[in-house]
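The values are calculated or read from the model by the stated rules, or taken from the named source; none is laboratory data. Small disclaimer: the values here were computed from a predicted structure and weren't measured. Neighbour counts run over all protein chains shown; Cβ positions are idealised from the backbone, glycine included. Keep in mind that these areas ignore ligands, DNA and RNA; they rest on the heavy atoms of the full protein, side chains included. Shrake-Rupley method; radii C 1.70, N 1.55, O 1.52, S 1.80 Å.
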Amino acid sequence: MAKRTTRSTGAEAARDRAAGQKPRPAADAPTPVMAQYLEIKAANPDCLLFYRMGDFYELFFADAEVASRTLGIALTKRGRHLGEDIPMCGVPVRAADEYLQKLIRAEHRVAVCEQMEDPAEAKKRGHKAVVRREVVRLVTPGTITEEALLDSRANNFLTALFRAPSSTTAPGDNYALASLDISTGEFLLSEVSGTDMAGELSRLGPGEIVAGDELAADPEIRALADQIGAALTPVPRAYFDSLGGERALRDKLGVAEISAFGDFTRPELATAGALLKYVELTQIGKQPLLRPPKRMGPSDVLMIDAATRANLELVSNSHGERRGSLLHALDRSVTGAGARALAGALASPLTDTAAIGNRLDTVQYLLEKNAVRAELRTTLKGCPDLARALARLTLGRGGPRDLGAIRDGLGGAGQARKILSGDTLPVLLRGVKKDLGAPPDALPRELGAALSDEIPAQLRDGGFVRTGYSKDLDDARALRDKSRRVIAGLQNDYVQATGVKALKIRHNNVLGYFIEVPAAHGGRLMGAGEDNGFIHRQTMASAMRFTTLELGQTESKIAAASDRAQGLEQEIFDDLASRVSDAQGEIGDAAAAGSV
Amino acid sequence: MQPPLDQYSALAELAEECALVRPRVDEGGAFQVSGARHLVVEQALGSRDGGAFVANDCDLSLPEGEEKTGGEDRLLIVTGPNMAGKSTFLRQNALVVILAQMGSYVPAQSARIGVVDRLFSRVGAADDLAGGRSTFMVEMVETARILNQATARSFVILDEIGRGTATFDGLSIAWACVEHLHGVNGCRALFATHYHELTALAGTLEGVGAVTMEVKEWKDEIIFLHKVAPGAADRSYGIHVAKLAGLPAGAVARAQEVLGHLEGGERAGIAKELANDLPLFAATPNPAPVKPSGPSETEQALGAVNPDELTPRDALEALYKLKALLDNDSIG
């Protein structure tokens, strides 16, 4: 808890802190890397700093102690600072998601600091030059997008909360709430009275609440955040500015007049502004997916206060588990997105009888049309999480499998549209059908042509592009593969030439490709001298290792071709990702098809 | 993808699998649900076809409801022994409201629901494990919120409110809550209680009814039928439950003995005394009120009112009490 109250945001505080550090005596001067670390850490005092060093994110000092305790990983030492050992621990980059998840669950915030250049670049500036590093993202409970960090069947809202000054039209405390699920782009606004605020918060069930300093320090708000299991993050009050909010909304939604989406009150605009500002702060300028805001007032939903929600065990039982809740008993959805929509509907029943009737008509239609329902469910079951893949790609945090998800999701949308071919569709399904048809045909075709059948998890694993999509890439791959065959051929030649049947060409990360023969035969290659081209590299207890000019050349060809193939794949990925991003509105419509 | 498609086909799937029915949700004031079940409890009990779960009707309606087809009551006092299913009955009706208004079919044979604006559900403190604050305080804070916020279109279920304090405190609070819900909020409500005295209100307040969880006695044992029937429980069978729970036979026998004493003497005496002190009890049908000589009860009560000390709400409540007294005077 102390962690929260002492947390301060903004670069100002960071600069103050950095300035407050006393100059150190020369003997204790930190190494250049440590100096860089300290500077970046000082700018992010409220976060655990994941400091990228090669294949690891390292943590130092108090961060290391906290992380090793929370994650159960070994605490080691690295160098000395101010005469003391520096505690350190690290997590491998490849497994970082898993560790991030544990830290976020334990209500920590993490600043991810990456290497912004190749170490070779840095060396060009001198042997003491440090690789340039920058914080690229703050990971907080309300701003995560990774599949591994999220519950696929639940929304993860970030909610900004604002206590509106009481006025003659709205006496007493009023609260405005702006919520964004950054992993799907869902964006909700509402304004409620003081007595309904707790119920509204538990309706949304956010993972993180952002509030002005003063409000965040209010014991009642803190108790409430604890109760619903949300992290509470204070931000400067100045974030809540209705003019700035209106401007930010216009910018981010790309409209000239915000009134296109409804008449927003000043407190709502101020709160939306603070929400977007906080998102910008944590995403370091990256633009998240933002769907048009949906407004829900107290008169639109059946008001259910927090105690009643808990008492009726709507979405979780009395121990906070899903089992034993009404949601658990009624959930027959086949996709994560469907489960999220169902949970949302259960948390927010309507009061408009016509709207309720429309929903019931839809259920009735699908109940009566058994075949349509069965076909739909089969199609949906095969569909990946379109909304979350789209959100990651938009944020520049997607991988090749997200492109695959877009391809399959849009394919599924097309199929679902065909299934809904009946002429007597109820009104909501007519809307769904229209939205399903929204995305441009060209994109799924392009993705279909570009993506291979087996898509690797990571871009750098290579191979996500289908053969035949790019001639350059195919050429680079052919060269790489041909050279690999050349190496296999070389082994044969060398066996013939030396008469050593046990001769093998092997590869490791230190030597690259090399020729290995049992120690007993080593003499034969050594003895052959320089003329046959065998160059001695290493003598082991049981084997001797050699290389040849030819082998070295072939190896560089392979490396060059691999690099080129990788570069081309990256280019193709960026191109496809930006095409997806350009069509985010239409894809988002398909993803949220007819959500009313 | 396609959340709504999945959402609606999932609801249709559920409707078929669990034999749900389409509710009629309108602007009227009814809450007529027949053969309703509690989805979660039912699934916990196992197969529906096994008949493990006993379905129940509930019929409430607001007086302004344009066509009154069923019951005349908007508030039901639910009594019955512990473990007989009071809480399940209360909750399943609240859940029917939520399911219907989210656009789902509901676990019942038929359901007609006048749309609800606010839903409240509270359980008395004995079931509440809230730490730190006094549980009774929490209970009262939450009850206060309901009495202050519920509108005529709201739906309220209160389960054993007042349990967290001494018997007569609790009874008085429960009594006042029923009167307030009935007279001021005017909402549809289910009020479960083990204070059987409250069922007296069913006879005096228009729109207040009483139902009870049926119980069968067989060879000194009790069998819970889990069936809701009109009327009031005559006792709470707490000792039977204690016996079921494995309380030592000696303790059970002794409890039976003490209960006999209390029922035969002291508590009845206290209740009689209360009836004389509190105008609230003037309406109880049993001990016929003695016709007072001199100023009537209404006049006495009116004399005791100091208008300068009353908030508007207090004044309204006082008016209700006076009216009730007046009715009683004219009967007596």
Considering only the range A:272-280, I want to know if a residue exists there that is away from every other protein chain (no Cβ under 14 Å) and open to solvent by 60 Å² or more (accessible area, probe 1.4 Å).
yes
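Quick one: which helices (runs of 4 or more DSSP H) lie wholly within the range A:178-249 and hold at least 2 residues that are within 14 Å of another protein chain (Cβ to nearest Cβ)? Steps first, answer last, please.
Details: elements: A:197-204, A:213-217, A:219-228.
Correct list: A:197-204, A:219-228.
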Within the range B:4-25, restricting attention to residues that are open to solvent by 10 Å² or more (accessible area, probe 1.4 Å), touching a residue at least 12 places away in the same chain (Cβ under 8 Å) and not hydrophobic (A, V, I, L, M, F, W, C), which residue is nearest to A:K434 (Cα to Cα)?
B:R22
What are the residues in the range A:374-388 that are within 9 Å of chain B (Cβ to nearest Cβ) and either open to solvent by less than 10 Å² (accessible area, probe 1.4 Å) or among the acidic types (D, E) (or both), if any?
A:L376, A:L380, A:D385, A:L386
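Out of all the residues in the range A:168-187, which are surrounded by fewer than 21 Cβ atoms within 10 Å (Cβ to Cβ) and of a type outside the set (D, E, K, R)? Reasoning before the result, please.
Quick first cut of the range A:168-187, residues surrounded by fewer than 21 Cβ atoms within 10 Å (Cβ to Cβ) only: A:168-173.
Scanning the range A:168-187 gives A:T168, A:T169, A:A170, A:P171, A:G172.
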Note on A:L281: of the conditions (1) part of a helix (DSSP H, G or I); (2) free of Cβ contacts under 8 Å to residues at least 12 places away in the same chain, unmet is (2)
From the list A:F50, A:F56, A:F60, which one is at pLDDT 90 or above and open to solvent by 50 Å² or more (accessible area, probe 1.4 Å)?
A:F56
Can you work out which of the residues in the range B:85-119 that are in contact (Cβ under 8 Å) with a residue 40 or more places away in the chain and assigned to a strand (DSSP E or B) is most open to solvent (accessible area, probe 1.4 Å)?
B:S110
The listed residue being surrounded by 21 or more Cβ atoms within 10 Å (Cβ to Cβ) and either under 24 Å from B:D327 (Cα atoms) or in contact with a Leu (Cβ under 6 Å, 6 or more places away or on another chain) (or both), out of B:A232, B:A192
B:A192
Expected single match for buried (at least 19 other Cβ atoms within 10 Å of the Cβ), of a type in the set (S, T, N, Q) and at the interface with chain B (Cβ under 9 Å from one of its Cβ atoms) among A:T394, A:T351 is A:T351
Hey, does the range A:485-497 have a residue that's in contact with a helix residue (DSSP H, G or I) (Cβ under 6 Å, 6 or more places away or on another chain) and buried (at least 19 other Cβ atoms within 10 Å of the Cβ)?
no
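Specify which of the listed residues (A:G212, A:G126, A:G185) is over 22 Å from A:L390 (Cα atoms) and not assigned by TED's automatic domain parsing to the domain that holds A:D46. Can you show your working first?
Numbers: A:G126 fails: not assigned by TED's automatic domain parsing to the domain that holds A:D46; A:G185 fails: over 22 Å from A:L390 (Cα atoms).
Being over 22 Å from A:L390 (Cα atoms) and not assigned by TED's automatic domain parsing to the domain that holds A:D46 holds for just one of A:G212, A:G126, A:G185, which is A:G212.
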For the range A:374-491, which helices (runs of 4 or more DSSP H) that fit wholly inside it have 3 or more residues that are basic (K, R) and in the same structural domain as A:A560 (by TED's automatic domain parsing)?
A:400-419, A:427-436
Looking at the range A:362-372, can you tell me whether even one residue there is on the phi < 0 side of the Ramachandran plot, under 33 Å from the mean Cα position of the chain (by Cα), of a type in the set (G, A, S) and more than 7 Å from chain B (Cβ to nearest Cβ)?
no
For the range A:134-153, state whether one or more residues are of a type in the set (S, T, N, Q), farther than 19 Å from A:A111 by Cα and touching an Asp or Glu at 6+ places or on another chain (Cβ under 8 Å).
yes
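In the same structural domain as A:A307 (by TED's automatic domain parsing) and without any contact (Cβ under 8 Å) to a residue 24 or more places away in the chain, is that true of A:A223? It would help to see each step written out before you state the result.
Working: in the same structural domain as A:A307 (by TED's automatic domain parsing): yes; without any contact (Cβ under 8 Å) to a residue 24 or more places away in the chain: yes.
When the stated conditions are applied, A:A223 passes them.
This table checks each residue for (1) crowded, with 21+ Cβ neighbours inside 10 Å; (2) facing chain B (nearest Cβ under 7 Å); (3) at positive phi; (4) not in a helix (DSSP H, G or I).
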| site | (1), (2), (3), (4) |
| --- | --- |
| A:E321 | no, no, no, yes |
| A:G324 | no, yes, yes, yes |
| A:H328 | no, no, no, no |
| A:A339 | yes, no, no, no |
